[in-house]
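Notes to accompany the following structure.
The values are calculated or read from the model by the stated rules, or taken from the named source; none is laboratory data. Computed from a predicted structure; not experimentally measured. So basically every Cβ, Gly included, is an ideal-geometry build from the backbone, and we count neighbours across all protein chains shown. Keep in mind that these areas ignore ligands, DNA and RNA; they rest on the heavy atoms of the full protein, side chains included. Shrake-Rupley method; radii C 1.70, N 1.55, O 1.52, S 1.80 Å.
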Amino acid sequence: MLETMVLGLSVAPALAFVQWQAMRPLSAWARVALLSVAVVPLYLLFAGLLVIASALATRALGWRSPVGITARLTEFEWPVLTWGRYLMTIHVVRVFAGPAFRASPIWSWYLRLNGARVGRLVWVNSLSVMDHNLLEFGDNVVVGADVHLSGHIVERGMLKTARVTLGPGTVIGTGSVVGIGVTTGPDVQVGALSVIPKHTTLEGHASYAGIPVQRLH
């Protein structure tokens, strides 16, 4: 019901424009030209409204990923249900709005609005970033394309959550996996396709790479 309302509200201005131009005394070619030019602006308007409406809805309802829990998924307790609802809203936004806004200030702003602690000049070029309220990114953090980063993991049917903190100046290379409970110091460089195991702390001012990551220098 929530996603129906949020998506409906977000797409309403675009549909209103289509309805408005249908009522104008335009030739067929003029109508096609107008709609063709309007496709991209209308999509960006829809995506922007979806980002805002979804984040505000989760704030109003208090939907967040619980901090530091261990719960069996099959028991459907309230913390698990709240986590599932929160991730559902994130998934809808990343599918419909993510392709337009990833790796832009708007995407970093969305993460902040949706519960993450995000510093200045943070660039997130990945749509596989979940559990926003469990994430803290310092200034000048860069998360590369297709990085998998979240505050949860499922092990043997148990949901486990923990915060992820990336210190200022941290760069996570393309395709890397960041486990739960990871903390990096300032100016950490993680090479592409690396794996940072859960509850790992990486010392600052150093480079890391590998599966699992090892300090290079």
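Here are the numbers:
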{"quantity": "Counted residues, region 162-194 - those being basic (Lys, Arg) and assigned to a strand (DSSP E or B)", "calculated": "0"}
{"quantity": "Where a residue in region 123-142 is on the phi > 0 side of the Ramachandran plot and its partner, wherever it lies, is of a type in the set (Val, Ile, Thr) and in a loop (DSSP other than H, G, I, E, B), with Cβ under 9 Å and at least six apart", "calculated": "Asp131/Ile180; Asn140/Val122; Asn140/Thr170"}
{"quantity": "Close pairs (9 angstrom Cβ cut-off, 6 or more residues apart or separate chains): more than 15 Å from His148 (Cα to Cα) in region 188-217, aromatic (Phe, Trp, Tyr) and open to solvent by less than 60 Å² (accessible area, probe 1.4 Å) anywhere", "calculated": "Val188/Tyr208; Gln189/Tyr208; Leu202/Tyr208; Gln214/Tyr208; Arg215/Tyr208; Leu216/Tyr208"}
{"quantity": "Some residue of region 195-216 being open to solvent by less than 30 Å² (accessible area, probe 1.4 Å), closer than 26 Å to Leu81 by Cβ, part of a loop (DSSP other than H, G, I, E, B) and modelled with pLDDT of 95 or more", "calculated": "no"}
{"quantity": "Residue count for region 22-69, restricted to those that are assigned to a helix (DSSP H, G or I), aromatic (Phe, Trp, Tyr) and closer than 23 Å to Ser10 by Cβ", "calculated": "2"}
{"quantity": "Residue list for region 99-117, restricted to those being part of a helix (DSSP H, G or I) and surrounded by fewer than 20 Cβ atoms within 10 Å (Cβ to Cβ)", "calculated": "Pro99, Ala100, Pro105, Ile106, Trp109, Arg112, Leu113"}
{"quantity": "Those residues of region 1-11 which are surrounded by 13 or more Cβ atoms within 10 Å (Cβ to Cβ) and aliphatic (A, V, I, L, M), in sequence order", "calculated": "Leu2, Val6, Leu7, Leu9, Val11"}
{"quantity": "Residues being open to solvent by 60 Å² or more (accessible area, probe 1.4 Å) and small (Gly, Ala, Ser) - total across region 36-66", "calculated": "2"}
{"quantity": "Top-ranked residue of region 81-94 - restricted to ones that are under 18 Å from Arg112 (Cα atoms) and aliphatic (A, V, I, L, M), ranked as most open to solvent (accessible area, probe 1.4 Å)", "calculated": "Met88"}
{"quantity": "Matching residues, region 139-156, being open to solvent by 10 Å² or more (accessible area, probe 1.4 Å) and either over 16 Å from the mean Cα position of the chain (by Cα) or not small (Gly, Ala, Ser) (or both)", "calculated": "Asp139, Asn140, Val142, Asp146, His148, His152, Ile153, Val154, Glu155, Arg156"}
{"quantity": "Selection count, region 67-80, where residues are under 23 Å from the mean Cα position of the chain (by Cα) and surrounded by 13 or more Cβ atoms within 10 Å (Cβ to Cβ)", "calculated": "5"}
{"quantity": "Of the criteria (1) in a loop (DSSP other than H, G, I, E, B); (2) open to solvent by less than 30 Å² (accessible area, probe 1.4 Å), which one Leu159 fails", "calculated": "(1)"}
{"quantity": "Residues within region 169-194 that are more than 30 Å from Ala71 (Cα to Cα), under 19 Å from the mean Cα position of the chain (by Cα) and open to solvent by 20 Å² or more (accessible area, probe 1.4 Å), tallied", "calculated": "2"}
